[in-house]
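Undergrad: There's a structure below that I have some questions on.
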Amino acid sequence: EESINKLSQNISLGEIESRLSLLEDELERMSRKRDRLVILSEVIKFADQKFKEENQPDVLKNAGKYFGIMTGGRYTDIYIDEDDEGNSIMVKQAGEAIPKKVTSTFSKGTLNQLYLALRLSLIDYLDKEKEALPICFDELLVNWDELRLNSTLKLLTELCKRRQIFIFTCHDWIAEKIEEFFNVKRIEL
């Protein structure tokens, strides 16, 4: 009771209400500041993404084009992003503003298609203004689904106009699909 009496003598109810009002005003100012910072953060992320899209190397732009063709348009771009863990490969999904980091959660087929897109783009870059060298693939199409297999074969049809392509496989179903698609005869070794 003595402590309560001392406290009630030192601070009036009006002073408590005044302090409470000041704290509420401070909370409101801080909330507005936080909201501005969140918006600013989103604007910076958007600007950074636009910069990456406009200034990425030609090899990545071309790889993104190949990846988009192979995945039937599901993915549209490939980026390299630097973060605390080092460099990461990022892919942009159609209809999404922000790319996502490529992780082991992607299907094996999608990872193989990404790897193929990067390889094809690098080959194009290295062959630029030179003789187009042949490409050899071993078990390239094993993890592709039907839609992506057909899209990749159409892409390979275009690439065959500039360079010779050899596809090695021990799977009859892949060999039959390639024979049918390209109207070629397989050579069995």
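Undergrad: If I ask for residues that are at pLDDT below 75 and either in contact with a Pro (Cβ under 8 Å, 6 or more places away or on another chain) or surrounded by 10 or more Cβ atoms within 10 Å (Cβ to Cβ) (or both), which ones from region 6-25 would you list? Steps first, please.
TA: Residues of region 6-25 at pLDDT below 75: 6-13.
K6, S8, I11, S12 - these are the residues of region 6-25 that are at pLDDT below 75 and either in contact with a Pro (Cβ under 8 Å, 6 or more places away or on another chain) or surrounded by 10 or more Cβ atoms within 10 Å (Cβ to Cβ) (or both).
Undergrad: For region 100-147, what are the residues that are open to solvent by 80 Å² or more (accessible area, probe 1.4 Å), of a type in the set (S, T, Y) and part of a loop (DSSP other than H, G, I, E, B)?
TA: S104, T105 - these are the residues of region 100-147 that are open to solvent by 80 Å² or more (accessible area, probe 1.4 Å), of a type in the set (S, T, Y) and part of a loop (DSSP other than H, G, I, E, B).
Undergrad: Among the numbered criteria (1) exposed (fewer than 10 other Cβ atoms within 10 Å of the Cβ); (2) within 30 Å of F137 (Cβ to Cβ); (3) of a type in the set (S, T, Y), which single criterion is violated by S3?
TA: So S3 meets the others, but not (2).
Undergrad: With the requirement that a residue be in contact with a Ser or Thr (Cβ under 7 Å, 6 or more places away or on another chain) and open to solvent by 40 Å² or more (accessible area, probe 1.4 Å), what does region 77-99 give you?
TA: A94
Undergrad: What are the residues in region 55-76 that are open to solvent by 40 Å² or more (accessible area, probe 1.4 Å), without any contact (Cβ under 8 Å) to a residue 60 or more places away in the chain, within 20 Å of S151 (Cβ to Cβ) and outside any helix (DSSP H, G or I), if any?
TA: R74, T76
Undergrad: Would you mind finding the one in S104, S121, S151 that is free of Cβ contacts under 8 Å to residues at least 60 places away in the same chain, within 26 Å of Y79 (Cα to Cα) and either touching an Asp or Glu at 6+ places or on another chain (Cβ under 6 Å) or of a type in the set (G, A, S) (or both)?
TA: On the way: S121 fails: free of Cβ contacts under 8 Å to residues at least 60 places away in the same chain; S151 fails: free of Cβ contacts under 8 Å to residues at least 60 places away in the same chain.
None of the other options fit; the residue is S104.
Undergrad: When residues of region 26-54 are filtered for being aliphatic (A, V, I, L, M) and either surrounded by 12 or more Cβ atoms within 10 Å (Cβ to Cβ) or on the phi > 0 side of the Ramachandran plot (or both), how many remain? Break it down stepwise before answering.
TA: Restricting attention to region 26-54, the residues satisfying the condition of being aliphatic (A, V, I, L, M) are 27, 30, 37-40, 43-44, 47.
If we keep only those that are either surrounded by 12 or more Cβ atoms within 10 Å (Cβ to Cβ) or on the phi > 0 side of the Ramachandran plot (or both) as well, we get none.
Residues meeting the conditions: 0.
Undergrad: Taking the conditions exactly as written (hydrophobic (A, V, I, L, M, F, W, C), farther than 30 Å from M90 by Cα and out of contact with any Ser or Thr (no Cβ under 7 Å at 6 or more places or on another chain)), does L20 satisfy them or not? If you could, list the steps in order and put the result at the bottom.
TA: Working: hydrophobic (A, V, I, L, M, F, W, C): yes; farther than 30 Å from M90 by Cα: yes; out of contact with any Ser or Thr (no Cβ under 7 Å at 6 or more places or on another chain): yes.
Yes, satisfied.
Results for (1) part of a helix (DSSP H, G or I); (2) in contact with a strand residue (DSSP E or B) (Cβ under 8 Å, 6 or more places away or on another chain); (3) open to solvent by less than 80 Å² (accessible area, probe 1.4 Å), shown as yes or no for each residue.
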| position | (1), (2), (3) |
| --- | --- |
| L149 | yes, no, yes |
| E158 | yes, no, no |
| K161 | no, no, no |
| W173 | yes, no, no |
| E179 | yes, no, yes |
| I187 | no, no, no |
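Undergrad: Let me ask something else about it. Return only the number of the condition from (1) modelled with pLDDT under 90; (2) basic (K, R); (3) over 25 Å from P57 (Cα atoms) that K130 does not satisfy.
TA: Every condition holds for K130 apart from (3).
The values are calculated or read from the model by the stated rules, or taken from the named source; none is laboratory data. Treat the numbers as computed from the prediction; the structure is a model and nothing was measured. Please note: Cβ atoms are built from the backbone with ideal geometry, for glycine as well, and neighbour counts cover all protein chains shown. Heads up: the accessible areas ignore ligands, DNA and RNA and are worked out on the full protein's heavy atoms, side chains in. Shrake-Rupley method; radii C 1.70, N 1.55, O 1.52, S 1.80 Å.
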